[in-house]
Amino acid sequence: MKFASVMGGIVMVIGSAFVLPAAAQEGRGDVVYVPTPQIVVDTMLEMAKVGPKDYLIDLGSGDGRIVVTAATRFGASGFGVDLDTYLLKLANQNAQKAGVTGKVHFVEENLFTTDLSRATVITSYLLPEMNLKLRPKLMSLKPGTRIVAHDYHLGEWDPEEQRELVVPEKKVGTPGISYVFSYVVPARVPGKWQSLVNIGGRETPMEFNLQQEFQEVEGRVEIRDRGVDLRGRILGERIRLVAGGRGGVPRHEFTGQIGDGSITGTVIIGEGASRQQAAWTAKQVQRGQLKRASDEQ
Ligand SMILES: C[S@@+](CC[C@H](N)C(=O)[O-])C[C@H]1O[C@@H](n2cnc3c(N)ncnc32)[C@H](O)[C@@H]1O
């Protein structure tokens, strides 16, 4: 599925989003209640690779199906928040029926003020403008936290994966179709970093100037006083940067694990039979801001 076609779908459905049959439970707050079809719930949890170690929070939890399924099928724990007391009661009853009250619960809380710091997985089925309002808070979560959103994406933040499912019983949004978008909160690297890389017995100083927009990184690295553009990507706490490969500068591929003010990994220099590998550690010497200031919290 091309992103453009998803965007097209979204533009089409915004006007008619979440129109409900009159008799249905309506929900309370910033968006009406529409349950996520069970096949979509299962797909969302699979895409987030939910497991027994996970702590999942569903923002606007309705009848609790996402949180209860995370517990019954995937062994996770967590909670859901909603403002509708009828739905909260129903969700707690559903948890009881499923025998998972020891793992999950549901609380009356505004999703915009809920403490998300314990989450390893966040799920949502909210309107586009709500997703955008939540985005700085989501970007500030622990690196590696997975976010799965039903039907509406998080704007300019490029999803790691997106799926389109045929769901004949779905009557709202794009009838018969559900979109699912999954994201991984990236560690933050903007700023200046320094390394001393031992290449073939020779210590080579490198200085990186990194800019970051969501999980995308770009900038420059000075290698022996020569500036080279670089580009890369972060997945949770893992980073991959590529520099050089033309203009007489050999290709440098850096991969590593981002810690607090440090990166530890390897660099591969050159290509083919002549390529060399060396240990790569970098220390942050100056912190910068995300390129998109509105995503800073
Ligand atoms: C589209 S439903 C999704 C329900 C459930 N997450 C699912 O996917 O089946 C959105 C839910 O969000 C709740 N809601 C709306 N605004 C909210 C807010 N500001 N805080 C908490 N819950 C909210 C509504 O009551 C409704 O139950």
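The values are calculated or read from the model by the stated rules, or taken from the named source; none is laboratory data. Predicted, not measured: the structure shown is a model, and the values here were computed from it. Note that we place each Cβ from the backbone using ideal geometry, even for glycine, and neighbour counts take in every protein chain shown.
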(request) State whether one or more residues within the stretch 105-112 are part of a strand (DSSP E or B), of a type in the set (Phe, Trp, Tyr) and either within 11 Å of the ligand (Cβ to nearest atom) or over 25 Å from Tyr179 (Cβ atoms) (or both). (result) yes
(request) Scan the stretch 175-223 for residues that are among the hydroxyl-bearing types (Ser, Thr, Tyr) and without any contact (Cβ under 8 Å) to a residue 40 or more places away in the chain and jot them down. (result) Thr204
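Matching residues to (1) more than 9 Å from the ligand (Cβ to nearest atom); (2) more than 23 Å from the chain's Cα centre (by Cα); (3) in a loop (DSSP other than H, G, I, E, B):
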{"residue": "Ser61", "(1), (2), (3)": "no, no, yes"}
{"residue": "Arg73", "(1), (2), (3)": "yes, no, no"}
{"residue": "Asp115", "(1), (2), (3)": "yes, no, yes"}
{"residue": "Leu132", "(1), (2), (3)": "yes, no, no"}
{"residue": "Leu154", "(1), (2), (3)": "yes, no, yes"}
(request) Examine the stretch 179-189 for a residue that is more than 28 Å from Lys283 (Cβ to Cβ), surrounded by fewer than 19 Cβ atoms within 10 Å (Cβ to Cβ) and not assigned by TED's automatic domain parsing to the domain that holds Arg275, and state whether such a residue exists. (result) no
(request) Out of Gln215, Gln257, report the one residue that is within 25 Å of the chain's Cα centre (by Cα), over 17 Å from Arg292 (Cα atoms) and not assigned by TED's automatic domain parsing to the domain that holds Pro159. (result) Gln257
(request) Go through the stretch 48-69 and give me each residue that's surrounded by fewer than 24 Cβ atoms within 10 Å (Cβ to Cβ) and in contact with a Ser or Thr (Cβ under 6 Å, 6 or more places away or on another chain). (result) Asp54, Tyr55
(message) Within the stretch 81-99, does at least one residue satisfy the condition of being within 23 Å of the chain's Cα centre (by Cα), surrounded by 18 or more Cβ atoms within 10 Å (Cβ to Cβ) and either in a loop (DSSP other than H, G, I, E, B) or not polar (S, T, N, Q) (or both)?
(response) yes
